[in-house]
Amino acid sequence: MSSEPAPPTDRTREPLSRDRVLEAALAMVDVDGLDALSMRKLGQALGVEAMSLYNHVDNKDDLISGIVDRVAAEFTLPDPAGHWREELGRAATSAHESLRNHPWAGFLMMTPDHVGPHRLGFMDAILSVLASSGASAEMVHYAFHALDAHIVGTSLRDVSYTIAPEDEAETARAFVATLPPGRYPHLIAHIEWHAVAGEAEYTEFEFGLKLILDAVERDLGA
């Protein structure tokens, strides 16, 4: 649900900077969605005329690229001095959590127009740790792309999945009831497992991440 821009405060009367503009835009998009972002609304939230914003951002596309990169700035970089598996797991989990906290950002982050310095730095750091692990060049290539796809893809799935955990069992049973009996036996068994399963050992993200890192480990032992 959209919210009206907040009235000017002492904070909004501070001198404008690119950081302040991006901070306000990010907060607006997190609350109201990307479609709600406009220079007029952003100017109102900051207590300035919309034209003043163009002293700090080139245009709306530059503004969007800036807030996408602010999300990437939240990603924890892997420490090259740490153990490769622990550091990659920590970095991937951090990026996944950030993309879940900013559900609009994952798709934009995969487009060439919105790849900023923090996103580039994160990718370079992942590649550096993979390479220093001793994995083969081929494994570094495939593991990097698998990690990137898993982080973004699982995050997009999570933010699109609107069923609350407490409603999953009932929703699963209701869906199975709509399927022709015996038509999709393996799918039905899978859905029914969801309805009765207790606490799982892994989340889908954790399990997929484990598979990727296990593959790198096997390569190291080859």
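The values are calculated or read from the model by the stated rules, or taken from the named source; none is laboratory data. Fair warning: this is a prediction, and the values are worked out from it, not measured in the lab. We place every Cβ from the backbone using ideal geometry, glycine too, and count neighbours over all the protein chains shown. Each accessible area value is taken on the protein alone, full model and side chains, heavy atoms only, with ligands, DNA and RNA left out. Shrake-Rupley method; radii C 1.70, N 1.55, O 1.52, S 1.80 Å.
For this structure, a couple of remarks:
- Sum of -39500 (n - 2.57) over DSSP H runs of 4+, divided by residues of the chain (222 nm, nearest 500): -20000 deg cm²/dmol
- Accessible area per residue for region 82-180 is 53 Å², calculated with a 1.4 Å probe on protein heavy atoms, without ligands, DNA or RNA.
- In sequence order, region 80-95 has phi-based couplings of x, 8, x, 6, 4, 5, 4, 5, 5, x, 5, 5, 5, 5, 4, 5 Hz under the Karplus curve 6.51 cos²θ - 1.76 cosθ + 1.60, θ = phi - 60°, and Gly or Pro positions carry x.
- If you take the Cα centroid of region 35-60 and the Cα centroid of region 206-222, the two points sit 46 Å apart.
- Using the Cβ of ARG70 as centre and a radius below 10 Å, the other residues enclosed give a net charge of -4, where K and R count +1 and D and E count -1.
- Of all accessible heavy-atom area on region 34-114, the percent that carbon and sulfur account for (1.4 Å): 48
- Of all the options GLU206, GLU97, GLU168, the one that moves most in a Gaussian network model of the chain with Cα springs shorter than 10 angstrom is GLU168.
- Here the dipole of the chain is about 360 debye; that uses its Cα centre as origin and unit charges on the Cβ of Lys and Arg (positive) and Asp and Glu (negative).
- Using θ = phi - 60° and Karplus 6.51 cos²θ - 1.76 cosθ + 1.60, couplings along region 116-126 (whole Hz; Gly, Pro as x): x, x, 6, 5, 4, x, 5, 4, 5, 5, 4
- Sorted on the mean count of surrounding Cβ atoms within 10 Å across their residues, most packed first, peptides 173-184, 112-123 read 112-123, 173-184.
- Gyration tensor verdict on region 27-67 (Cα atoms; rounded if a/c is under 1.5, prolate if a/b is larger than b/c, oblate otherwise): oblate
- Seen from ARG173, the other residues with C-beta closer than 13 Å to its C-beta sum to a net charge of -4, counting Lys and Arg as +1 and Asp and Glu as -1.
- Ranked by the mean number of other Cβ atoms within 10 Å per residue, highest first, peptides 142-151, 52-61 order as 142-151, 52-61.
- Gaussian network model of the chain, Cα within-10 Å springs - most flexible of ILE212, ILE126, ILE188: ILE188
- Given charges at Cβ of Lys, Arg, Asp, Glu: the chain dipole, positive-most of SER128, MET51, TYR184: MET51
- Residue-wise HN-Hα coupling along region 154-170, computed from phi with Karplus coefficients 6.51, -1.76, 1.60 (Hz; x: Gly, Pro): 5, 5, 4, 4, 4, 6, 8, 8, 9, 7, 5, x, 6, 9, 5, 4, 5
- Assigned charges on the beta-carbon of Lys, Arg, Asp, Glu; region 39-96 dipole about Cα centre (debye): 220
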